[in-house]
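J.: Dumping the structure here so I can ask a few things about it.
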Amino acid sequence: MVQTEVLIIGCGIAGATAALQLARNPRRQITVITRASDPRESNTRYAQGGIIGRGPDDNADLLTADILAAGAGASLPLAARILAEEGPPLLDEVLVGTVGIAFDQAADGQPIWGREAAHSRRRILHVGDGTGQAIASGLIAALHRCPNVTVVTDATAVDLIPFPHHSRDPLTTYRPITCHGAYVFNSREASVQRYLAAATVLATGGLGRIYRNTTNPPGARGDGLAMAHRAGARIINAEYVQFHPTALAAPGAEGFLISEAVRGEGGVLLSPDGRAFMATYSPEWKDLAPRDIVARAIHHEMEAHGYSHVLLDIASRMPADAIAARFPNIYANCLQAGIDITREPIPVVPAAHYFCGGVWVDEGGRSSIENLYALGEVSCTGVHGANRLASTSLLEGLVWGHRAAQHIENSLHCAALSHVPDLADVPCWDSRGLVAEPDPALIQGDMQSIQNIMWHYVGLVRSADRLSRAVRELRHLWNEIETFYRATMLSDGLIGLRNAVEVALTVTLAARHNRHSRGCHYRQDAVSADGNGLI
Ligand SMILES: Cc1cc2nc3c(=O)[nH]c(=O)nc-3n(C[C@H](O)[C@H](O)[C@H](O)COP(=O)(O)OP(=O)(O)OC[C@H]3O[C@@H](n4cnc5c(N)ncnc54)[C@H](O)[C@@H]3O)c2cc1C
């Protein structure tokens, strides 16, 4: 059993920022856990394009307007304004000042501002095309310098500890649902411990891995969302899963992201026979239209003409040495897959990329469960609405990580957070009956079934028939997996499978419920926005 003041689950940009900010008070005890063996492993690590700063001819009003426009009318204006006002100064203070990240600069020492889709200004700061790697490494190094932060690796949160659900006292039923920590599986020792905390922070990232084609690494399977859902937290906007238009379509390298910054630097999408098609779909923005429009345009081209992929041409738009210097990782990864991007176009397809919905939180990162906060991709602050503007998610993790830490600090300071409950009140993990060895074939097979269902029926283009079919198949899988889970010894893979089916069902039910097409939720059978025909 571990007792701590603040338990942070996940150490991507959101969790790590919150921990760093809390650690400024030397009296605080913060425990950060991650399921990975390397604490840098997260979606944050793979971010390529960059993070929004305050460009030279830019201001918070312009950024707010771009976020709201990309969000397709579903972004919360207050949240967008908070991000636009607080984000760029925090980037300077935390990432540059405290963490020491050196964003790319020109010879005169001025930042090099990148451009991405649906941004009206050049405002993206980057470290080559490995911005996430620089941020993840810098943040973890900074955490290791904090004596009051303990980082525990190979530690997978299994479930939250919400009262009344886990309480032995029947009278807690009459109090608001309150989180007191989490049950955590140590995969090195194969044992489960109780981590009790005054405040618990979910910062577990997204769920791209529930789809067959995705840019996300294996850990992005919706663990935090599933735990919050089981604990009774309010989940919103779950139908809005963003598909990135351009993932590499080369055998053995599927899902590798070709950053939007490539189109920002002049890259153009072409059909396999060399036709530039984006002007047909978005005369104003062309290749730099919002992601949902570009991804659907590619999907439509592929479906209408039977293409297996489309092409992205940067080779004829930028000098070869400039391409290799600006996009060293993309250049090297494509070369490894047999494609020289300085000489030939890149084969690309859309892939699941970002979860715009999540655990509902307020401006301080508080969820609907007492003492439970959610930050970053697992949360829904309202910033992204129905479609995320490029390069806003790292910034959102930074801003809400900072805000939640301030809220927790204030609450601990004035003793507003309920105290850690009496230990006797929190049952130990009950592993009786969990005797079967986890069968990797079952785990992998069921995971692939979930991914195929989500890709075909809950993908870029949806309909009532497809969604209903997905609900039926996912419910069946949910029952199978839950039965298997109740009889099997825990493993990280089994925990992930159980969570994946839970969140796949959550996304699908939300998508079936919402019969309006908006942003990245597109239904062939959409009803009109005025509600006519709604049943
Ligand atoms: C290929 C790629 C490129 C991207 N490019 C950009 C970009 O250029 N700009 C931008 O703004 N955004 C980009 N994004 C999105 C952005 O990277 C993510 O949205 C963001 O990093 C999420 O941060 P996070 O802290 O919320 O979660 P993550 O960084 O994913 O961190 C999640 C953490 O939770 C841990 N975890 C998960 N489950 C458990 C569990 N059960 N128990 C314990 N620990 C757990 C993980 O190990 C990890 O430490 C990109 C994403 C991808 C995949």
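J.: Return the percentage of antiparallel bridges among DSSP beta bridges fully within the chain, rounded to the nearest 5 %.
T.: Numbers: 35 of 59 bridges.
Percent antiparallel among DSSP bridges in the chain is about 60.
J.: Rounded to the nearest Å, what's the spacing between the alpha carbon centres of segment 112-190 and segment 300-356? Just the number, please.
T.: With segment 112-190 and segment 300-356 each reduced to a Cα centre, they are spaced 31 Å.
J.: Same structure again: Can you pull the semi-axes for segment 436-518, root of five times each eigenvalue of the Cα gyration tensor, sorted largest first, whole Å?
T.: Sorted largest first and rounded, they come to 27, 11, 10 Å.
J.: For a quick protection proxy, order the peptides 225-232, 104-111 by their average other-Cβ count within 10 Å, most packed first.
T.: On the way: 225-232: 23.4, 104-111: 10.0.
Taking the mean over residues of other Cβ atoms within 10 Å, the ranking is 225-232, 104-111.
J.: Separate question: Roughly how many nanometres apart are two label points built 7 Å out from the Cα toward the Cβ at ASN25 and VAL461?
T.: 5.4
J.: Moving on to the next point. Stokes-Einstein D for segment 66-153 at 25 °C, 0.890 mPa s, Kirkwood Rh over Cα pairs, in µm²/s? Numbers along the way, then the final one.
T.: On the way: Rh = 15.2 Å.
D, rounded to a whole number, is 161 µm²/s.
J.: Would you calculate the volume per residue, in Å³, of the smallest convex hull containing every Cα atom of the chain? Show your work: numbers first, answer last.
T.: Numbers: hull volume 82.4 nm³, N = 535.
With only Cα atoms used, the chain gives 154 Å³ per residue.
J.: Follow-up. Any idea of THR204's accessible area? Nearest 10 Å², probe 1.4 Å.
T.: THR204 exposes around 40 Å² with every protein chain in place.
J.: Which residues' amide hydrogens lie under 5 Å from the amide hydrogen of ILE346, considering only partners 5 or more residues apart or on another chain, with H built in the peptide plane?
T.: Those qualifying (amide H under 5 Å, at least 5 residues apart or on another chain) are LEU312, ASP313, ILE314.
J.: Working with all protein chains in place, sort HIS309, HIS476 by solvent-accessible area computed with a 1.4 Å probe, largest first. The partial results should precede the final answer.
T.: Details: HIS309 50, HIS476 110 Å².
These residues rank, largest area first, as HIS476, HIS309.
J.: Tell me which residues come under 5 Å, amide H to amide H, from THR214 once H is placed; ignore anything under 5 positions away on its chain.
T.: Close amide H contacts, sequence-distant or interchain: ALA352.
J.: For segment 438-505 and segment 207-262, what is the centre-to-centre distance using only Cα atoms, to the nearest Å?
T.: 15
J.: Considering the alpha-carbon set of segment 71-113 alone, what are its Rg and its Dmax in angstrom?
T.: Just the Cα atoms of segment 71-113 yield Rg and Dmax of 14.2, 41 Å.
J.: Right, here's the next one. So how do 61-69, 382-390, 17-25 stack up, highest first, on mean other-Cβ count within 10 Å?
T.: On the way: 61-69: 19.3, 382-390: 27.3, 17-25: 24.0.
Top to bottom by mean Cβ count within 10 Å: 382-390, 17-25, 61-69.
J.: OK, next. What is the extension gain from ALA102 to LEU78, computed as 0.36 nm multiplied by their sequence separation minus the C-alpha to C-alpha distance, in nm to one decimal?
T.: Numbers: separation 24, 0.36 × 24 = 8.64 nm, distance 3.06 nm.
In short, 5.6 nm is gained.
J.: Then there's this: In Å², what does the accessible area per residue of segment 1-123 work out to with a 1.4 Å probe? Write out the running numbers ahead of the final one.
T.: Details: 4810 Å² over 123 residues.
For segment 1-123, the per-residue accessible area is 39 Å².
J.: Would you kindly derive the ³J(HN,Hα) couplings of segment 68-84 from the backbone phi angles with the Karplus curve 6.51 cos²θ - 1.76 cosθ + 1.60 (θ = phi - 60°), listing them in order in whole Hz, with x for Gly and Pro?
T.: With the stated coefficients, segment 68-84 comes to 5, 5, 5, x, 6, x, 10, 7, 7, x, 4, 5, 4, 5, 4, 4, 5 Hz.
J.: If I model a spin label at MET489 and MET1 as a point 7 Å from the Cα along the Cα→Cβ vector, what separation in nanometres do I get?
T.: Taking the two extended label points, one gets 2.6 nm.
J.: Could you state the accessible area per residue of segment 213-276 in Å², with a 1.4 Å probe and every protein chain left in place? Each step should come with its number before you reach the end.
T.: Details: 1790 Å² over 64 residues.
With all protein chains present, segment 213-276 gives 28 Å² per residue.
J.: Determine the calculated [θ] at 222 nm for the chain from helices alone, applying -39500 (n - 2.57) to every DSSP H run no shorter than 4 residues and normalising by the residue count; nearest 500 deg cm²/dmol. List each step's numbers first, then the result.
T.: Details: 15 runs with 185 residues, N = 535.
-11000 deg cm²/dmol, from helical runs alone.
J.: Taking 7 Å along the Cα-to-C-beta vector as the label spot, tell me the SER431-VAL527 distance in nanometres, rounded to one decimal.
T.: According to this spin-label approximation, the distance is 5.0 nm.
The values are calculated or read from the model by the stated rules, or taken from the named source; none is laboratory data. Remember, predicted model here, so these are calculated numbers, not experimental data. Here the Cβ is made from the backbone with ideal geometry for all residues, glycine too, and neighbour counts use every protein chain on show. SASA here: full protein model, heavy atoms, side chains in, ligands and nucleic acids out. Shrake-Rupley method; radii C 1.70, N 1.55, O 1.52, S 1.80 Å.
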